[in-house]
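Peer 1: So that we are looking at the same thing, I have put the structure below in structure tokens.
Values quoted throughout were computed directly from the atomic coordinates according to the rules given, and no laboratory measurement underlies them. Computed from a predicted model, the values in this text were never measured in an experiment. A quick note on method: Cβ atoms are made from the backbone with ideal geometry, for glycine too, and the neighbour counts reach across all protein chains shown.
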Amino acid sequence: MNNFEFYNPVKMIFGKDQLFKLADEIPNNAKILMTYGGGSIKKNGIYNQVKKALQKFEVLEFGGIEANPHFETLVKAVDLAKHEKINFILAVGGGSVIDGTKFIAAAISFEGADSWDILSKNIKVTKAIPFGCVLTLPATGSEMNSGGVITKVASQEKMVFGSPVLFPKFSFNDPQVITSLPKRQLQNGVVDAFTHVMEQYLTYNSGALLQDRMAEGVLQTLVEIGAKVIENPSDYKRASNFMWCCTMALNGLLSKGVPTDWATHMIGHELTALYGLDHAQSLAVIGPNLYTVMKVDKHDKLVQYGKRVWNLTGSDALIAEKAIEKTSDFFKSLGVKTKLSEYTKDYNETASFITKRFKARGWLGLGEHQHITLEKVKEIVEMSY
């Protein structure tokens, strides 16, 4: 197991009917910008609960943050926050709203000419407006980490950013919120969390025995309850376990002391930017094919994964193959399509476009060993058609 540091300052308030505590977590002198998405919080009652809890504060609102938050939208929130001298932000939504809020918090204090440079030039974020979260959609784990992903529509780019100053101050997680979610969002949430764990687990054996078992525990739990949560989100026991799986999948704990491989995400982001696929849909398309192309590098972990998560038996070679097949079948069983051609007819040049874009960025090798070359990226994408 490798050396590591672990820092996560997020205060989690987990469980049903906890929003009455919201005002206690916000500074008394706060002038709040409340951020949210398309307005579903006004239909499911969360909006009214939050407004009631914040009645002693001055609150401005900024809605309309997209499912893949657009840079072009977020800069409008930045301008509003600067003009109104906002000193605290409250994100009420899922991972996209929280990611967008992280960008807003960073961009308010950004001193450069173009805040997109935070992502495109990987400029270090050293200060940000404090913010908190009310989670309404479990999936990304953004409520307990310090990273985010933003889309620039003008250039069809989706890029990542992060900083230790971008941890939420607190996060309210009430599993009851999933009862009002559309089926598609629940499907995406299971796939998203599952793939987050796989990116930190399916690499090579590094002697991190506990980390492996924790990762496998999250995967096994998602396999056990995923389809059941989608069909009956009102089951509180399953809902609470699902929500905690999503948070644990990407709060930084599973990645400590182990190698990671975020290539599925990096390739998947391009599918979202190009074709508008949901984030989880892009992961379901790319993930199993990446494991197939990289099965020599990932052989030992594929075998371990197949034995421990899927209870497979037989030769190691057979287990590795079957483990990949089981993963793809699991996504399909949730109702998530696993081929790019099932989402768009304009896929023929996708592999060439993505490899050219990666080359221009200097991304010549991805994965835990940087063995995912541009040639292999092309092979993975073409296999995903």
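Peer 1: More than 15 angstrom separation, counting every C-alpha pair in the range 263-319; what % is that? Walk me through the intermediate numbers first.
Peer 2: On the way: 872 of 1596 pairs.
Value for the range 263-319 (Cα pairs over 15 Å): 55 percent.
Peer 1: From zero outward in steps of 10 Å, how is the percent of C-alpha pairs of the range 7-59 spread across the bins?
Peer 2: 20, 50, 29, 2
Peer 1: Same structure, new question: May I ask you to derive the relative contact order of the chain, considering only C-alpha pairs under 8 Å and at least 6 residues apart, and to give it as an integer percent? The partial results should precede the final answer.
Peer 2: Values: 694 pairs, mean separation 59.7, N = 385.
Reported relative contact order: 15 percent.
Peer 1: Which whole number of Å³ per residue matches the convex hull of the alpha-carbon atoms in the range 68-175? Could the numbers behind the result be given before it?
Peer 2: Numbers: hull volume 9.6 nm³, N = 108.
Enclosed volume per residue, from the Cα hull, is 89 Å³.
Peer 1: A further question on this structure: Could you tell me how far the Cα centroid of the range 48-65 sits from the Cα centroid of the range 247-288, in Å?
Peer 2: Centre-to-centre (Cα) distance: 32 Å.
Peer 1: Only Cα pairs under 8 Å and at least 6 apart count here; give the relative contact order of the range 199-335 as a rounded whole percent.
Peer 2: It rounds to 31 percent for the range 199-335.
Peer 1: Let me ask you something else. Let me confirm the definition first: pairs of Lys residues in the range 125-282, 8 or more apart or on different chains, C-alpha distance under 29 Å. How many are there?
Peer 2: Lysine pairs satisfying the spacing and distance rule in the range 125-282 number 15.
Peer 1: Would you mind working out the magnitude of the charge dipole of the range 11-177 relative to its Cα centre, with +1 at each Lys and Arg C-beta and -1 at each Asp and Glu C-beta, to the nearest 20 Debye? List each step's numbers first, then the result.
Peer 2: Details: 19 positive and 16 negative charges, 61 e Å.
Using Cβ point charges on Lys, Arg, Asp and Glu, the range 11-177 gives about 300 debye.
Peer 1: Roughly what angle does helix 350-361 make with the longest principal axis of the chain, taking Cα atoms, 0 to 90 degrees, to the nearest 10?
Peer 2: So the inclination is approximately 70 degrees.
Peer 1: Report, in deg cm²/dmol and to the nearest 500, the calculated mean residue ellipticity at 222 nm for the chain, where each DSSP H run with n ≥ 4 adds -39500 (n - 2.57) and the sum is divided by the residue count.
Peer 2: Numbers: 13 runs with 176 residues, N = 385.
The per-residue figure over the chain is -14500 deg cm²/dmol.
Peer 1: Please enumerate, by chain and number, the aspartates and glutamates with C-alpha under 20 Å from the C-alpha of K31, excluding those fewer than 8 residues away in the same chain.
Peer 2: Result set, ordered by chain and number: E58, E61, D79, E84.
Peer 1: Which one, I98, Q49, A77, projects farthest toward the positive side of the charge dipole computed for the range 11-177 from Cβ point charges (K/R +1, D/E -1)?
Peer 2: Q49
Peer 1: Give me F331, F358, F103 sorted ascending by neighbouring Cβ count inside 10 Å, so fewest comes first. Kindly include the intermediate steps, with their values, before the conclusion.
Peer 2: Working: F331 24, F358 21, F103 28.
Neighbour counts put them in this order, fewest first: F358, F331, F103.
Peer 1: Further question: Kindly express, to the nearest 10 degrees and within the range 0 to 90, the angle between helix 71-84's C-alpha long axis and the longest C-alpha principal axis of the chain.
Peer 2: 20 degrees
Peer 1: Continuing with the same structure: Ranked by Cβ crowding within 10 angstrom, fewest neighbours first, how are T221, T35, T355 ordered? Please report the intermediate quantities before stating the final value.
Peer 2: Working: T221 18, T35 28, T355 21.
Arranged by neighbour count, lowest to highest, T221, T35, T355 become T221, T355, T35.
Peer 1: Over the range 182-383, consider all pairs of different Cα atoms and compute the Kirkwood hydrodynamic radius from their mean reciprocal separation; express it in Å, one decimal.
Peer 2: Values: mean 1/r = 0.0583 Å⁻¹.
Radius from the Kirkwood sum: 17.1 Å.
Peer 1: Next question. With a 10 Å Cβ neighbour count serving as the proxy for reagent exposure, in which order, fewest first, do H369, H269, H196 appear? Walk me through the numbers on the way to the answer.
Peer 2: Working: H369 14, H269 24, H196 29.
Taking fewest neighbouring Cβ atoms as first place, the list is H369, H269, H196.
Peer 1: Would you mind estimating how fast the range 320-385 diffuses translationally, via Stokes-Einstein at 20 °C and 1.002 mPa s with the Kirkwood radius over Cα pairs, in µm²/s? Numbers along the way, then the final one.
Peer 2: Working: Rh = 13.4 Å.
Calculated translational D: 160 µm²/s.
Peer 1: Working from Cα positions, state the angle (0 to 90°, nearest 10) between the long axis of helix 209-231 and the longest principal axis of the chain.
Peer 2: Approximately 70 degrees, to the nearest ten.
Peer 1: OK, next. How are the Cα pair distances of the range 179-240 distributed, in percent, across 10 Å bins from 0?
Peer 2: Percent of pairs per bin, in order: 21, 46, 23, 9, 0.
Peer 1: Considering Cα pairs under 8 angstrom that are at least six residues apart, work out the relative contact order of the range 330-378 and quote it in whole percent.
Peer 2: On the way: 24 pairs, mean separation 13.2, N = 49.
Over the range 330-378, the number comes to 27 percent.
Peer 1: Over the chain, consider all pairs of different Cα atoms and compute the Kirkwood hydrodynamic radius from their mean reciprocal separation; express it in Å, one decimal. Each step should come with its number before you reach the end.
Peer 2: Numbers: mean 1/r = 0.0471 Å⁻¹.
For the chain, the Kirkwood estimate is 21.2 Å.
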